[in-house]
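The values are calculated or read from the model by the stated rules, or taken from the named source; none is laboratory data. For clarity, every value in this text was computed on a predicted model and none was experimentally measured. Note that we place each Cβ from the backbone using ideal geometry, even for glycine, and neighbour counts take in every protein chain shown. The area values use the complete protein model at the heavy-atom level, side chains included, leaving out ligands, DNA and RNA. Shrake-Rupley method; radii C 1.70, N 1.55, O 1.52, S 1.80 Å.
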Amino acid sequence: MSVLVAFSVTPLGVGEGVGEIVAEAVRVVRESGLPNRTDAMFTVIESDSWAEAMAVVQRAVEAVAARSPRVSTVIKADWRAGAVDAMSTKVESVERHLAAPPLS
């Protein structure tokens, strides 16, 4: 089973420059040891356990909450039985289709 969780954690009430505080959430994710990717909008983690993935999200939110009076969190999850390394294989599938001649 694969559980992919894409989430963003935004500190509120601390001004516009939030990168330093958001970095605390990303640090939690990276220290978790789970496969992960961070881009401009979301961090994606992959686990074989719903509980493990959500525990990492919770710790990331708590890290931001320690430095912010309010936290906004957006979460999207994909739970798929039989999938392995979905974080990579989903992207590879799209890239493979992009490399193929377009369907007329």
All conditions in (1) touching a Leu at 6+ places or on another chain (Cβ under 9 Å); (2) open to solvent by 50 Å² or more (accessible area, probe 1.4 Å) are true of Ala83 except (2)
Within segment 18-39, considering residues that are over 16 Å from Val71 (Cβ atoms) and either part of a strand (DSSP E or B) or at pLDDT below 95 (or both), the one least open to solvent (accessible area, probe 1.4 Å): Asn36
Close pairs from segment 51-71: first farther than 22 Å from Ser2 by Cβ, partner open to solvent by 100 Å² or more (accessible area, probe 1.4 Å) and assigned to a helix (DSSP H, G or I), Cβ under 8 Å, at least 6 apart: Ala63/Arg27
Looking at this structure, is Ala6 open to solvent by less than 90 Å² (accessible area, probe 1.4 Å) and under 23 Å from Gly82 (Cα atoms)? yes
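Test Arg37 against the criterion of being in contact with a strand residue (DSSP E or B) (Cβ under 6 Å, 6 or more places away or on another chain), under 22 Å from Asp85 (Cβ atoms) and among the basic types (Lys, Arg), and give yes or no. Can you show your working first?
On the way: in contact with a strand residue (DSSP E or B) (Cβ under 6 Å, 6 or more places away or on another chain): yes; under 22 Å from Asp85 (Cβ atoms): yes; among the basic types (Lys, Arg): yes.
When the stated conditions are applied, Arg37 passes them.
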